[in-house]
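Written below as structure tokens is the structure these notes are about.
The values are calculated or read from the model by the stated rules, or taken from the named source; none is laboratory data. The structure displayed is predicted, hence computed values, not measured ones. Here the Cβ positions follow ideal geometry from the backbone for every residue, glycine too, while neighbour counts run over all protein chains shown. Surface areas here come from the heavy atoms of the whole protein model, side chains and all, with no ligands, DNA or RNA. Shrake-Rupley method; radii C 1.70, N 1.55, O 1.52, S 1.80 Å.
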Amino acid sequence: MQTKEKQALIGQLKKDLLVWQGIKQKSADVLPMGLGSLEEAFPNGIFPRGVIHEFVSFDRVGGAVSCGFIAGLLGKLMRNSGICIWISGFHTLFPTAIKSFGVDPEKVIFVRMGREKDLLWAMEEALKCEGITAVLAEIHQLDFVQSRRLQLAVEKSGVTGFILQHNPKLLGATACAARWKISSRPSQLEDGLPGIGHPSWDIELLKVRNGNPGRWQMTWTAGGFEPVAKTRSLTEEWEQSYANQGLA
């Protein structure tokens, strides 16, 4: 068998395996998340919906930037009048701030609970509601059994779940479809202008089921997610033009 025929056969087998595992094929009715090459790391190049995404942070900065990045994802998921439930035991989120990421705070139900086991119970119950677009819970620790219960809930309802672990003592195995780690980067100035620029992230996809882990740098602009390299190239072009005009 020739090399091209082998590659075609292997490619078809991979597609068949994804179908057998219940992973949807890419179709016109599935709107992209605008993550560019990062989205291609997922099976069939589709951001996984109806699964649990696990985020980990190890300090307050990591927790804050993770909330910002997740808000960007929620803005994309909720663009067709979706509803989100945000469950947490913390009082650090300023609801109006997530509006800059395309999330209407009026379409988010904020739940505050004191005990961690209550947080996970509330998330599991919320994930069973088919009319909800997404559910996010901020906790400190998630084990395999807990994650499996959450995954079973979304497999029936099709709701997308986000778990943000703050300062976990141990990162063990979970049933989550993907594990993310978001770090901050210097903000990207628009067209080289001075001041505070667009928020930027260093994004690590530590694991992804049937996909390809990797690392990306992205920024958030009025148009949504953009690669940092694109924004930086615009800045470099402006600086070069500025210098050529003898203004530097």
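Condition test on residue 29, is it surrounded by fewer than 17 Cβ atoms within 10 Å (Cβ to Cβ), in a loop (DSSP other than H, G, I, E, B) and at pLDDT below 90?
On the way: surrounded by fewer than 17 Cβ atoms within 10 Å (Cβ to Cβ): yes; in a loop (DSSP other than H, G, I, E, B): yes; at pLDDT below 90: yes.
Taking the combined requirement at face value, the residue satisfies it.
Suppose we filter the stretch 172-194 for residues that are open to solvent by 60 Å² or more (accessible area, probe 1.4 Å), modelled with pLDDT under 85 and in a loop (DSSP other than H, G, I, E, B); how many remain? Give the steps one after another, and end with the answer.
Pass one, the stretch 172-194, residues open to solvent by 60 Å² or more (accessible area, probe 1.4 Å): 173, 184-186, 190-191, 193-194.
Add one more test, that the residue is modelled with pLDDT under 85, and what stays is 186, 190-191, 193-194.
Pick out the ones that are also in a loop (DSSP other than H, G, I, E, B) and you get 193-194.
Residues that pass the stated criteria total 2.
Could you say whether any residue in the stretch 56-73 is at pLDDT 90 or above, buried (at least 21 other Cβ atoms within 10 Å of the Cβ) and of a type in the set (Asp, Glu)?
No, the stretch 56-73 has no match at all.
Mind checking which residues of the stretch 46-55 are modelled with pLDDT of 95 or more and of a type in the set (D, E, K, R)?
Selection gives 54 alone.
Looking only at residues in the stretch 196-227 that are of a type in the set (D, E, K, R) and open to solvent by 20 Å² or more (accessible area, probe 1.4 Å), which one is nearest to residue 36 (Cα to Cα)?
Our first condition is that a residue be of a type in the set (D, E, K, R); within the stretch 196-227, this holds for 202, 204, 207, 209, 215, 226.
Then drop every residue that is not open to solvent by 20 Å² or more (accessible area, probe 1.4 Å), which leaves 204, 207, 209, 215, 226.
Details: 204: 14, 207: 18, 209: 19, 215: 13, 226: 8 Å.
Taking the candidates together, the pick is 226.
Right, residue 235: at pLDDT below 90 and either among the aromatic types (Phe, Trp, Tyr) or open to solvent by less than 30 Å² (accessible area, probe 1.4 Å) (or both) or not? Break it down stepwise before answering.
Working: at pLDDT below 90: yes; either among the aromatic types (Phe, Trp, Tyr) or open to solvent by less than 30 Å² (accessible area, probe 1.4 Å) (or both): yes.
Judged against the criteria, residue 235 is a match.
What are the residues in the stretch 69-117 that are more than 17 Å from residue 198 (Cα to Cα) and either part of a strand (DSSP E or B) or aromatic (Phe, Trp, Tyr) (or both), if any?
Answer for the stretch 69-117, where residues must be more than 17 Å from residue 198 (Cα to Cα) and either part of a strand (DSSP E or B) or aromatic (Phe, Trp, Tyr) (or both): 84, 85, 86, 87, 88, 90, 94, 108, 109, 110, 111, 112.
Look through the stretch 133-161, keep the residues that are of a type in the set (S, T, N, Q) and not in a loop (DSSP other than H, G, I, E, B), and return whichever of them is surrounded by the most Cβ atoms within 10 Å (Cβ to Cβ). Don't jump to the end; show me each part of the working.
Taking the stretch 133-161 first, the residues of a type in the set (S, T, N, Q) are 133, 141, 146-147, 151, 157, 160.
Filter once more, keeping what is not in a loop (DSSP other than H, G, I, E, B): 146-147, 151, 157, 160.
Values: 146: 20, 147: 20, 151: 18, 157: 17, 160: 25.
Out of the qualifying residues, it is 160.
Within the stretch 134-158, track down each residue that is at pLDDT below 95 and within 14 Å of residue 82 (Cβ to Cβ).
157, 158 - these are the residues of the stretch 134-158 that are at pLDDT below 95 and within 14 Å of residue 82 (Cβ to Cβ).
Within 20 Å of the chain's Cα centre (by Cα), surrounded by 16 or more Cβ atoms within 10 Å (Cβ to Cβ) and among the charged types (D, E, K, R): is that true of residue 76 in this structure?
Answer is yes for this residue.
Let me spell it out: the conditions are (1) in contact with a helix residue (DSSP H, G or I) (Cβ under 9 Å, 6 or more places away or on another chain); (2) surrounded by fewer than 16 Cβ atoms within 10 Å (Cβ to Cβ); (3) on the phi > 0 side of the Ramachandran plot, and residue 102 meets all of them except one. Which number is the exception?
With respect to (1) in contact with a helix residue (DSSP H, G or I) (Cβ under 9 Å, 6 or more places away or on another chain); (2) surrounded by fewer than 16 Cβ atoms within 10 Å (Cβ to Cβ); (3) on the phi > 0 side of the Ramachandran plot, residue 102 is out only on (2).
When you scan the stretch 115-124, do you find a residue that is within 15 Å of residue 175 (Cα to Cα), open to solvent by 20 Å² or more (accessible area, probe 1.4 Å) and in contact with a Ser or Thr (Cβ under 7 Å, 6 or more places away or on another chain), even just one?
no
Checking residue 130 against (1) open to solvent by less than 80 Å² (accessible area, probe 1.4 Å); (2) farther than 17 Å from residue 66 by Cα; (3) in contact (Cβ under 8 Å) with a residue 12 or more places away in the chain: exactly one of these is not met. Which one?
Residue 130 satisfies all of (1) open to solvent by less than 80 Å² (accessible area, probe 1.4 Å); (2) farther than 17 Å from residue 66 by Cα; (3) in contact (Cβ under 8 Å) with a residue 12 or more places away in the chain except (1).
Need pairs with beta-carbon distance below 6 Å; first residue free of Cβ contacts under 8 Å to residues at least 60 places away in the same chain and within the stretch 150-166, second surrounded by fewer than 24 Cβ atoms within 10 Å (Cβ to Cβ) and not hydroxyl-bearing (Ser, Thr, Tyr); sequence gap 6+ or separate chains.
153/124; 153/128
Look through 130, 226, 204 and report the one residue that is part of a loop (DSSP other than H, G, I, E, B) and either closer than 20 Å to residue 97 by Cα or at pLDDT 90 or above (or both).
Details: 226 fails: part of a loop (DSSP other than H, G, I, E, B); 204 fails: part of a loop (DSSP other than H, G, I, E, B).
Only one candidate passes the filter, namely 130.
Restricting the search to the stretch 83-99, which residues are in contact with a Lys or Arg (Cβ under 7 Å, 6 or more places away or on another chain) and open to solvent by less than 30 Å² (accessible area, probe 1.4 Å)?
84, 88
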